Amino acid sequence: MSAARRLLPGGWLSAYAFLYVGFLYLPVIFLPIFSINTAATPKFPLTGYTLKWYEDLPNTPALLDATWNSLIVGVSASVLSTVLGILAARSITRYRYPGRRAINGLIMAPLVLPEVIVAISMLLVMLQLGLSLSLFTVVLGHVLVCIPYSMTVLTSGFEGFDRSLEEASADLGESAFGTFRRVTLPMVAPAIISSLLVCFTISLDEFIIAFFLTGTEATLPIYIWGQLRFAAKLPGVLALGTLLLVASFLLMTVAEILRRRAARRTQNEGGLYA
């Protein structure tokens, strides 16, 4: 018993936490392991170690096109979602008006709605409007999905913002734009950057909306899904998936650090004077 306590200082709670994390991430760990296997079939024991699957990725034109399309969609969706999120978060946290809670709930609804239902609904709307399926329609779909995440991040940035700072700036003769640039923007800048990173990561990994709304220009998840039909392409897909996994992890880590920094700044420091 004492030996078990030395191994797990927190007791059964620590053991439960390790099992929980293992359940979540054990399947993901196999992805980078099999991506360096010399055999095309993912199975144990590994036949050898190689990086040739990674070296072949830049030599695939379709992959480069899909990557470029995903970057265009990700940047566009993250910027639009963050701009709309700023307006919504400022309205929800700053003003009191009838229906505010209901509107906030409706904005967050895409988080709990089945994504395939949202995708089919958006496809019907796009067709009724006469829009051709393209990267533009994918951006519109991703904006709908990303706004709730942007709202969550930006709301924490706006909450606790001392309104007297803006009033003091206005009393000292600063214009509305100057107050926003010198007082409001520095306070919420970490939350804005965090929102951009979160939305870009979600758009980069999103598959269902892109599957329904994309035309002939495939995004990266659509390209990966198409390659899974060919067994010989599986090692390359594993290598590409590993790179996406690492990129998503890094982006989400940076976004979380910035979100916490924004929360501490608004709660503890009270303001930043540019």
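The values are calculated or read from the model by the stated rules, or taken from the named source; none is laboratory data. Note that the structure is a prediction, hence the values are computed from the model and not measured. These accessible areas exclude ligands, DNA and RNA; they are computed on the full protein's heavy atoms, side chains included. Shrake-Rupley method; radii C 1.70, N 1.55, O 1.52, S 1.80 Å.
Among the protein heavy atoms of the chain, carbon and sulfur supply 70% of the accessible surface, probe 1.4 Å, non-protein parts ignored. Of the listed residues Y95, Y49, Y54, the order by accessible area with a 1.4 Å probe, largest first, is Y49, Y95, Y54. Rolling a 1.4 Å probe across the protein heavy atoms gives the range 150-193 an accessible surface of 49 Å² per residue.
Normalising the average separation of contacting C-alpha pairs (under 8 angstrom, six or more residues apart) by the number of residues puts the relative contact order of the chain at 29 percent.
Ligands, DNA and RNA aside, L196 has an accessible area near 60 Å² when probed at 1.4 Å.
Would you compute, from DSSP H runs of 4+ residues alone, the mean residue ellipticity of the chain at 222 nm, taking -39500 (n - 2.57) per run and dividing by the full residue count, rounded to the nearest 500? Don't jump to the answer; show the numbers that get you there.
Numbers: 13 runs with 195 residues, N = 274.
Theoretical 222 nm ellipticity from helices: -23500 deg cm²/dmol.
Please work out whether the range 95-225 counts as rounded, prolate or oblate from its C-alpha gyration tensor, where a ≥ b ≥ c are the square roots of the eigenvalues and a/c under 1.5 means rounded, while otherwise a/b larger than b/c means prolate and anything else oblate? Write down the numbers at each step before the final one.
On the way: a/c = 2.59, a/b = 2.13, b/c = 1.22.
Prolate.
Kirkwood analysis of the chain, using all unique Cα-Cα pairs, places the hydrodynamic radius at 21.7 Å. Could you tell me how many degrees, from 0 to 90 and to the nearest 10, lie between the Cα long axis of helix 135-158 and the main elongation axis, the longest principal axis, of the Cα atoms of the chain? Helix 135-158 sits at roughly 60 degrees to that axis.
Quick one: grab the alpha carbon gyration tensor of the range 10-110, order the square roots of its eigenvalues as a ≥ b ≥ c, and give me rounded if a/c is under 1.5, else prolate or oblate depending on whether a/b is larger than b/c. Oblate, since a/c reaches 1.5 and b/c is not below a/b.
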